[in-house]
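Shown next, in structure tokens, is the structure this report addresses.
The values are calculated or read from the model by the stated rules, or taken from the named source; none is laboratory data. All values derive from a computational prediction rather than experimental measurement. All Cβ positions, even for glycine, are placed from backbone atoms using ideal geometry, and neighbour counts span all protein chains on display.
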Amino acid sequence: MRQKLRWKPWFYCVPALLLIFIVIVFPIAYTGYISLTNMNLYHWTDYGFIGFDNYARALFKFDSGFLAALGTTLVWTVLNMAIQIGLGFFIALGLNAPGLRLKRVYKTLLMVPWAVPAYISILLWRVGMFNTEFGILNKFLAMLGLGKVDFLASNGIAFLSCMALNLWMALPFMISTIDGALQSVDGSLYESATLDGAGFWVRTWSITVPAIRPIIAPAAVMTTFITFKQFDIIYLLTQQRGYMTGATLNTVITYAHQNAFASNNYGLSSAVSMLLFVVIILFSILTNRSLRED
Amino acid sequence: MKKVTALLLALALCFAVLAGCSQSDPQDSGAPSSNPSQSNNPPTAPVTITIWHDGDEGIMQTIADQVNAQLAADQITVVFEKKTDMPNQLKLYGSDAVNAPDMYFYAHDVLGSFVAMDILAPLSDVVDTGILADHLSMTVEAGQIGGTQYLLPVYFETLVFLYNKALWEGDIPDTTEALYDYMVAHTDTAAGTYAVVNQHTNAYNVSPFINGFGGYIIDETAKPGLNDPKTIEAATYNQKFGALQADGDYNTVTTLFNEGKAAAIIGGPWLVSGIEAAGIDYGIASLSDIKLPNGNGLAPFSGIQGAGVLKVALAEKKDALAKVLTAMASPEVGVDLANKSGCAPANNKSYDDPQVAAKEMITIIQKTASTAQPMPNIPEMGSMWGPVETMLTAINKNGTDPAQAAVDAQAAAEQAIADMQ
């Protein structure tokens with residue numbers, strides 16, 4: 001009887017486990033398998049096992065360019081997350097201010113950037129905001145009598161431009177998460193604190209932040225990974241074929257794409273992917289450990 | 001009872017999850033591409049030939065209408081299916097008998113990659129290549145890899161000089177130096193008005209300079225030529241034009257021209273529909289009439305658009321494919337393409353039609369063909385666009401020393417080619 005009970009829960013989970021296996025585990029395992037073969041343009045169907053040769057070549061690609069890209073990625077992740085959480089927190093607090101009218105309208109409008117497909121948003125910003133001839137930013141500068149600025153031409157300004165777009169696209173998620181968390185804080189705590197003479201900052205720091213931290217932590221971790229492996233914003237704004245802007249900005253993912261994925265060498269690309277997978281897993285373990293310590 | 005229901009539901013879910021992994025029998029599928037004429041079927045059985053493309057749907061419809069009309073009695077129907085990023089889709093499905101199309105229609109520069117992947121059938125395996133006897137030799141050669149014909153050329157395109165007759169003052173200069181002087185006198189970058197715009201960091205659009213100076217991007221032995229002195233000379237010379245040509249991306253330059261903020265644009269026939277829609281009275285000049293300081297005319301790349309046959313389609317549709325290729329090679333397809341879509345036909349006999357001969361765009365393209373060079377079609381060409389454009393961007397937008405940019409780009413190109421292996 002006990003034996004029967006032991007396998008039954010597993011059986012109920014089989015459909016979900018199968019889905020997870022097909023959608024998540026199998027692609028990773030298959031990428032691992034391809035990384036051990038010479039599958040490329042010249043061996044499209046007749047590829048064979050070549051051991052760890054691709055890994056040796058992939059490690060060679062983790063050169064100074066890769067280290068610079070890793071540095072950029074870390075700065076990109078830290079800055080984006082700090083601003084997203086900080087700004088998202090204060091905007092959410094503002095949306096929960098007592099007496100604020102049309103709250104629902106503001107919240108709906110703030111969701112719009114998140115609802116627009118990323119590709120569309122990026123193209124809109126590239127042409128509508130940053131373009132030197134038609135972009136709204138340059139129109140404003142012209143109205144002020146200032147010269148044109150190419151917002152994507154060099155690394156510094158391109159980094160800030162990409163970050164502005166990333167924040168525009170990512171803030172709605174953070175705001176809605178924090179907004180949801182704020183609803184769960186017991187209002188009587190604020191009333192007691194106010195009676196004790198606590199001001200806005202003391203209430204925020206001593207009540208709000210500790211109360212919402214466990215709720216927003218998973219969202220923050222998830223967003224950190226999305227930000228870390230950011231590809232489309234930097235690629236589509238600065239590196240797309242036929243539209244290279246002059247910035248040589250690279251994150252680890254755009255660097256890997258530039259150096260391995262454009263070659264149609266699936267074996268090599270898979271090896272680079274597997275190594276990046278290991279880097280992200282290590283990053284994940286470190287993040288989870290620090291969360292547990294919190 | 002509840003437990004039994006739950007177990008049954010779990011079992012049903014398992015089957016549902018796995019159902020998507022099943023392989024469909026092509027003969028059972030309702031898709032048009034999987035409706036082959038079996039060899040034991042009567043010869044009159046209807047056959048559908050599916051062709052993937054990533055081009056203008058109007059052009060494909062013109063081809064389909066003419067071919068289908070010619071093959072109506074044979075009950076053969078050609079269906080064009082537009083696929084975004086078609087070359088990569090074909091790389092994924094090209095050897096898959098169930099999902100692959102029967103043919104594809106695309107420019108010749110990706111031909112080498114498909115041949116290297118061994119997904120294409122030589123045309124001689126399908127049809128007598130004598131059907132190409134009347135075709136322009138440049139277009140025929142562009143469809144060959146290692147002397148074997150894989151692509152049936154249908155039409156070709158190249159860059160021309162398009163100008164707004166209401167804005168352009170005087171004649172079109174006959175030298176690049178005179179053109180540059182005109183640009184200096186008629187460009188106000190601060191006000192956003194330009195004499196000539198061009199995608200000056202795009203390798204295809206800078207090819208008139210590179211080829212005209214005698215430089216090259218990659219030769220037939222797959223050796224990149226980015227640090228060749230003549231390529232560097234061309235990139236350096238292009239730099240001063242780039243400084244007067246706005247940002248240089250496709251949308252920016254075409255909008256500037258269509259909105260009357262640029263008097264001329266270097267582009268191809270694909271711009272014409274937008275220009276006409278904008279109501280611009282435009283003129284066309286051949287780039288080969290504009291001479292570089294070395295006396296050579298500007299020599300743009302030409303792209304030959306044509307059709308190839310997938311190996312996986314041969315077994316069941318060989319006869320139908322032969323008839324489709326023969327119809328596509330006919331002068332009538334070229335005449336229709338020229339008259340309805342402004343394309344320059346690959347079949348020389350199409351130019352005997354008085355309407356085709358009278359079309360300005362087509363005669364200019366035909367004239368430019370005298371200096372135009374077909375894009376390289378070896379597999380390694382696919383790895384060259386990135387390094388070339390990085391080099392041009394570094395020179396034109398970052399002010400990098402051309403020689404240094406060329407050395408860096410050459411190294412990147414050699415690495416990219418090595419990575420293909």
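Some values worked out for this structure:
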| item | result |
| --- | --- |
| Subset of the range A:137-163 [touching a residue at least 24 places away in the same chain (Cβ under 8 Å) and under 19 Å from the mean Cα position of the chain (by Cα)] | A:158, A:159, A:161, A:162, A:163 |
| Flag for residue B:409 being surrounded by 18 or more Cβ atoms within 10 Å (Cβ to Cβ), among the small types (Gly, Ala, Ser) and under 21 Å from the mean Cα position of the chain (by Cα) | no |
| Subset of the range A:146-163 [closer than 19 Å to residue A:127 by Cβ and facing another protein chain (nearest Cβ under 10 Å)] | A:148, A:150, A:152, A:153 |
| Answer residue from the range B:106-149, given it is under 20 Å from residue B:316 (Cβ atoms) and either of a type in the set (Lys, Arg) or away from every other protein chain (no Cβ under 13 Å) (or both) and is surrounded by the most Cβ atoms within 10 Å (Cβ to Cβ) among those | B:123 |
| Residues of the range A:102-136 classified as more than 13 Å from chain B (Cβ to nearest Cβ) and either in contact (Cβ under 8 Å) with a residue 24 or more places away in the chain or within 22 Å of residue A:91 (Cβ to Cβ) (or both), total | 20 |
| Those residues of the range B:353-378 which are assigned to a helix (DSSP H, G or I) and closer than 19 Å to residue B:207 by Cα, in sequence order | B:364, B:365, B:366, B:367, B:368 |
| Residues of the range A:11-38 classified as within 11 Å of chain B (Cβ to nearest Cβ) and within 28 Å of residue B:89 (Cα to Cα), total | 8 |
| Odd one out for residue B:236 among (1) among the β-branched types (Val, Ile, Thr); (2) under 25 Å from residue A:146 (Cβ atoms); (3) more than 12 Å from every other protein chain (Cβ to nearest Cβ) | (2) |
| Close pairs (6 angstrom Cβ cut-off, 6 or more residues apart or separate chains): within 11 Å of chain A (Cβ to nearest Cβ) in the range B:90-102, surrounded by fewer than 17 Cβ atoms within 10 Å (Cβ to Cβ) anywhere | B:95/A:45 |
| Any hit, the range B:224-232, residues being in contact (Cβ under 8 Å) with a residue 12 or more places away in the chain, within 14 Å of chain A (Cβ to nearest Cβ) and of a type in the set (S, T, N, Q) | no |
| Hey, residue A:251 more than 14 Å from chain B (Cβ to nearest Cβ) and crowded, with 22+ Cβ neighbours inside 10 Å or not | yes |
| Matching residues, the range A:41-53, being within 13 Å of chain B (Cβ to nearest Cβ), out of contact with any helix residue (DSSP H, G or I) (no Cβ under 6 Å at 6 or more places or on another chain) and either modelled with pLDDT of 85 or more or part of a helix (DSSP H, G or I) (or both) | A:43, A:47, A:50, A:53 |
| Any hit, the range B:324-339, residues being touching a helix residue (DSSP H, G or I) at 6+ places or on another chain (Cβ under 9 Å), within 24 Å of residue A:263 (Cβ to Cβ) and more than 14 Å from chain A (Cβ to nearest Cβ) | no |
| Residue selected from the range B:246-271 under the condition facing chain A (nearest Cβ under 8 Å) and in contact (Cβ under 8 Å) with a residue 60 or more places away in the chain, by the criterion farthest from residue B:195 (Cα to Cα) | B:256 |
| Qualifying residue in the range A:64-81 (condition: in a helix (DSSP H, G or I) and within 11 Å of another protein chain (Cβ to nearest Cβ)) | yes |
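For (1) surrounded by fewer than 22 Cβ atoms within 10 Å (Cβ to Cβ); (2) modelled with pLDDT under 90; (3) under 17 Å from the mean Cα position of the chain (by Cα), each residue gets a yes or a no:
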site: A:178; (1), (2), (3): no, no, no
site: A:214; (1), (2), (3): yes, yes, no
site: A:226; (1), (2), (3): yes, yes, yes
site: A:229; (1), (2), (3): yes, yes, yes
site: A:244; (1), (2), (3): no, yes, no
site: A:259; (1), (2), (3): no, yes, no
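Okay, residues lined up against (1) aromatic (Phe, Trp, Tyr); (2) outside any helix (DSSP H, G or I); (3) at the interface with chain B (Cβ under 10 Å from one of its Cβ atoms); (4) within 21 Å of residue B:250 (Cβ to Cβ):
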{"residue": "A:230", "(1), (2), (3), (4)": "no, yes, no, no"}
{"residue": "A:236", "(1), (2), (3), (4)": "no, no, no, yes"}
{"residue": "A:241", "(1), (2), (3), (4)": "no, yes, yes, yes"}
{"residue": "A:247", "(1), (2), (3), (4)": "no, yes, yes, yes"}
{"residue": "A:262", "(1), (2), (3), (4)": "no, no, yes, yes"}
{"residue": "A:269", "(1), (2), (3), (4)": "no, no, yes, no"}
